[in-house]
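J.: One structure, as structure tokens, below. Some questions next.
The values are calculated or read from the model by the stated rules, or taken from the named source; none is laboratory data. Every value quoted in this text rests on a predicted model; they were computed, and no experiment measured them. Every residue, glycine as well, gets a Cβ built from its backbone with ideal geometry; the counts of neighbours run over all protein chains shown.
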Amino acid sequence: MVNVSFFYARESVMPEFEKWEFGCLRWCEFASGLGIERITTENLDLDRYAWGFSEEYTHTPERLMDGRELAGYHLMIKNGKVSGGPFIPQKCLDLPGFHAVVDWALIAHSSYLPFNTVGYLERGNAQVKLRRELKEIGIGDGKWSLESGLKTDKKPPRCRACGSEGHDRVDCPVWPPGIGEALGNNPDHRWRLKRSPELEGFPETEWGVPIFSDMNEDQKTAFKKLLGH
């Protein structure tokens, strides 16, 4: 675990639009540090929470690993303290919250500043389409981890934070009241990541989501290799 002071928190105000590639060590350090900073700034009663957040990026290019066995990061609140870092401990995974494992190539170019909601529906719907197409060829289960929050009908979901119909907002274990709002309190909507050469040349939406159905056969073969197939 690390304390927010470890993470040069002021780098959350970066002058450059593009600083790191998605999934690299510095990006994961920055993302966890930003999350700690956001939660700490809100002055929440952390004793109320037992919550974890983790994202693991599988099949991340070796050149971005920096000697790590796993690419990703975590945040957690336990015993009244918030912590995090560019790794994912089991004690974080044991906590209720948001935990996702996703192939690097699926989201690297569509990811913005961490916890940013800009283009959320456009990116999310494109991710759902991508996963449906991959499932048709035997890759993945066809689901997007944030799919439940993409409802566009007139009736709002029971929980507006995670889109679940199984609980009210006040009881949400994924984004507890106060935590989701703290992480989403980000006025900076600028693009923050460098593009990765492994993904250049593939068809993608204006939000950077790969369009598998528009790929030619050679591109499909190359893209599947990025997913470990």
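J.: Anything in region 161-181 that is modelled with pLDDT under 85 and within 19 Å of Arg38 (Cβ to Cβ)? List them, or say none.
T.: Ala161, Cys162
J.: Select from region 81-117 the residues that are out of contact with any Lys or Arg (no Cβ under 9 Å at 6 or more places or on another chain), in a loop (DSSP other than H, G, I, E, B) and over 18 Å from Pro173 (Cβ atoms) and list them in ascending order.
T.: Hits for region 81-117 are Ile88, Pro89, Thr117.
J.: For region 194-229, how many residues are part of a loop (DSSP other than H, G, I, E, B) and either among the charged types (D, E, K, R) or buried (at least 17 other Cβ atoms within 10 Å of the Cβ) (or both)?
T.: Selection size over region 194-229: 10.
J.: Identify, from the list Lys220, Lys225, the residue that is in contact with a helix residue (DSSP H, G or I) (Cβ under 8 Å, 6 or more places away or on another chain) and within 16 Å of Asp103 (Cα to Cα).
T.: From the options Lys220, Lys225, the qualifying one is Lys220.
J.: With respect to the numbered conditions (1) surrounded by fewer than 18 Cβ atoms within 10 Å (Cβ to Cβ); (2) at negative phi, which one is the sole condition not fulfilled by Leu95?
T.: Checking Leu95 against (1) surrounded by fewer than 18 Cβ atoms within 10 Å (Cβ to Cβ); (2) at negative phi, the one that fails is (1).
J.: Confirm whether Arg48 is under 22 Å from Val170 (Cα atoms), among the charged types (D, E, K, R) and surrounded by 17 or more Cβ atoms within 10 Å (Cβ to Cβ). Steps first, answer last, please.
T.: Numbers: under 22 Å from Val170 (Cα atoms): yes; among the charged types (D, E, K, R): yes; surrounded by 17 or more Cβ atoms within 10 Å (Cβ to Cβ): no.
No.
J.: Could you grab me the full set of residues in region 132-153 that are part of a helix (DSSP H, G or I) and either at pLDDT 70 or above or of a type outside the set (D, E, K, R) (or both)? Write out each step before concluding.
T.: Let us first name the residues in region 132-153 that are part of a helix (DSSP H, G or I), namely 132-136, 147-150.
Passing the criteria: Arg132, Glu133, Leu134, Lys135, Glu136, Ser148, Gly149, Leu150.
J.: Could I ask something else about it? Enumerate the pairs (first residue in region 109-122 and under 19 Å from Phe53 (Cα atoms); second residue anywhere and modelled with pLDDT of 80 or more and assigned to a loop (DSSP other than H, G, I, E, B)) with beta-carbon separation below 6 Å, excluding pairs fewer than 6 apart on the same chain, so at least 6 apart or on different chains.
T.: Between residues of region 109-122 that are under 19 Å from Phe53 (Cα atoms) and residues that are modelled with pLDDT of 80 or more and assigned to a loop (DSSP other than H, G, I, E, B), the close pairs are Ser111/Phe22.
J.: Something else about it: I'm trying to understand the selection: among the residues of region 51-74, which are touching a Cys at 6+ places or on another chain (Cβ under 8 Å) and surrounded by 17 or more Cβ atoms within 10 Å (Cβ to Cβ)?
T.: First pass over region 51-74, keeping only residues touching a Cys at 6+ places or on another chain (Cβ under 8 Å): 52-54, 64, 66, 71-74.
Those that are touching a Cys at 6+ places or on another chain (Cβ under 8 Å) and surrounded by 17 or more Cβ atoms within 10 Å (Cβ to Cβ): Gly52, Phe53, Ser54, Leu64, Ala71, Gly72, Tyr73, His74.
J.: Same structure again: All but one of (1) surrounded by 22 or more Cβ atoms within 10 Å (Cβ to Cβ); (2) within 14 Å of Cys28 (Cα to Cα); (3) hydrophobic (A, V, I, L, M, F, W, C) hold for Phe115, so report the exception by its number.
T.: Phe115 satisfies every listed condition except (1).
J.: Sticking with this structure for a sec: When the residues of region 75-92 are filtered to those that are surrounded by fewer than 17 Cβ atoms within 10 Å (Cβ to Cβ) and of a type in the set (Lys, Arg), which remaining residue is nearest to the chain's Cα centre (by Cα)?
T.: For region 75-92, the residue satisfying everything is Lys91.
J.: Given the criteria crowded, with 23+ Cβ neighbours inside 10 Å, more than 23 Å from Gly140 (Cα to Cα), of a type outside the set (Val, Ile, Thr) and modelled with pLDDT under 95, does Trp27 qualify?
T.: Taking the combined requirement at face value, the residue satisfies it.
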